[in-house]
Amino acid sequence: MMGALLVAGAIISEVIATLSLRASHGLTRLGPTVLVVIGYGAAFLMLAQALKTLNVGPVYAIWSGVGTVGAFLGGVVLFDEPVRPATLIGIALVIIGVVVMYVGGGMEH
């Protein structure tokens, strides 16, 4: 249970960092740049702790897949980025891939 909470925290931190990277305008704005460093640092620390008890394949698929979807949604909401049919198909494929990795690999070792 704690491992899953750490993965969730890592996902949230990574999405915040990624969206802050977009907002930092090439790391030229201090506030968003600080969020980038803190967010990615926190994400990697939580992910490293989660991997003490969880399998790396499914966890990485979940972390990167859900993070990808979160960054996409955040980009749409915060930065008015376009939503195109191909993008939605890609997101669906990412979700399917995460589910297959989870079902096929299990979480705990």
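The values are calculated or read from the model by the stated rules, or taken from the named source; none is laboratory data. Keep in mind that this is a model prediction, so the values were computed, not measured. Cβ atoms come from the backbone with ideal geometry, glycine included; neighbour counts cover every protein chain shown.
With L19, L45, L27, L5 as the choices, which residue is of a type in the set (A, V, I, L, M), assigned to a helix (DSSP H, G or I) and touching a helix residue (DSSP H, G or I) at 6+ places or on another chain (Cβ under 6 Å)? None of the others qualify; the one that does is L19.
Among the residues of segment 1-39 satisfying the criterion of being surrounded by 15 or more Cβ atoms within 10 Å (Cβ to Cβ) and modelled with pLDDT under 95, which is nearest to the chain's Cα centre (by Cα)? In this case the residue turns out to be A4.
Counting the residues of segment 9-57 that are aliphatic (A, V, I, L, M) and touching a Ser or Thr at 6+ places or on another chain (Cβ under 7 Å) gives 6.
Among all positions in segment 40-52, there is at least one residue which is modelled with pLDDT of 95 or more, hydrophobic (A, V, I, L, M, F, W, C) and exposed (fewer than 12 other Cβ atoms within 10 Å of the Cβ).
Here is the figure for segment 80-92: residues that are surrounded by fewer than 11 Cβ atoms within 10 Å (Cβ to Cβ) and either in contact (Cβ under 8 Å) with a residue 60 or more places away in the chain or closer than 18 Å to V66 by Cβ (or both) total 1.
In the list G57, G70, G75, G65, which residue meets the criterion of being in a helix (DSSP H, G or I) and either surrounded by fewer than 15 Cβ atoms within 10 Å (Cβ to Cβ) or touching a strand residue (DSSP E or B) at 6+ places or on another chain (Cβ under 6 Å) (or both)? Result: G57 is the single residue among G57, G70, G75, G65 that is in a helix (DSSP H, G or I) and either surrounded by fewer than 15 Cβ atoms within 10 Å (Cβ to Cβ) or touching a strand residue (DSSP E or B) at 6+ places or on another chain (Cβ under 6 Å) (or both).
Give me the residue from segment 40-65 that is closer than 14 Å to A8 by Cβ and among the β-branched types (V, I, T) and, out of that set, nearest to the chain's Cα centre (by Cα). Applying the filter and picking the extreme gives I62. Can you confirm whether segment 64-84 contains a residue that is in contact with a Phe, Trp or Tyr (Cβ under 7 Å, 6 or more places away or on another chain) and either modelled with pLDDT of 95 or more or among the basic types (K, R) (or both)? Among the residues of segment 64-84, not one is in contact with a Phe, Trp or Tyr (Cβ under 7 Å, 6 or more places away or on another chain) and either modelled with pLDDT of 95 or more or among the basic types (K, R) (or both), which makes the answer no.
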